[in-house]
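Asks: What follows is a single structure, and I will ask about it in a moment.
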Amino acid sequence: MTATVSSRSESFQAAASHQGRQFAEQCDVVLREHAFELRGSLRIPEIGVEIDRVGISRRGQHVWFEYKGSVRGQRPGLRRTDTLKKAIANGALLPGLVESQPYVVLTSHLPERGSGRAMLEVALRLGYLAAVVCLYDPSSAAQLDRF
């Protein structure tokens, strides 16, 4: 019985990892379509933040991107409040750095209502997040052109 539970857990983790890679590839494609030059990831150990991709816009603006999404699951993207809170916390910590850049979250799904939606709206109003882009909504992706 333990082997079956372990196999299911490993299968779930493998699927989640695969979906994460697929979503990251999609994010990279969209950023390139909006003329970003992509540099790699960035780890900031002194505050425990990892930036998924550093991008440079056509205007020369450095932007830090975090990718939060998947194509499956009951609460994908920023619909999971723990995922949303992590993105907000990262955005709140980054301005404490001397070299902080605009922090943009690319997601597969936005919270539609409730406390998740309220948290996102407050985080945007406070400037913790420069933008939140729903990757599968072309009007949302247009926000990338302002950098």
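The values are calculated or read from the model by the stated rules, or taken from the named source; none is laboratory data. Note that this is a predicted model, so its numbers are computed, not measured. Ideal geometry is used to build each Cβ from the backbone, glycine not excepted, and the neighbour counts take in all protein chains shown.
Asks: Check off (1) more than 24 Å from A142 (Cα to Cα); (2) part of a loop (DSSP other than H, G, I, E, B) for A35 and give me the number that stays unchecked.
Replies: (1)
Asks: How many residues are at pLDDT 95 or above and of a type in the set (K, R) when one looks only at the range 93-145?
Replies: Total satisfying the criteria: 2.
Asks: Do any helices (runs of 4 or more DSSP H) entirely within the range 44-147 hold 3 or more residues that are exposed (fewer than 15 other Cβ atoms within 10 Å of the Cβ) and aliphatic (A, V, I, L, M), and if so, which?
Replies: 114-126
Asks: Scan the range 36-51 and tell me whether some residue there is touching a residue at least 60 places away in the same chain (Cβ under 8 Å) and not hydrophobic (A, V, I, L, M, F, W, C).
Replies: no
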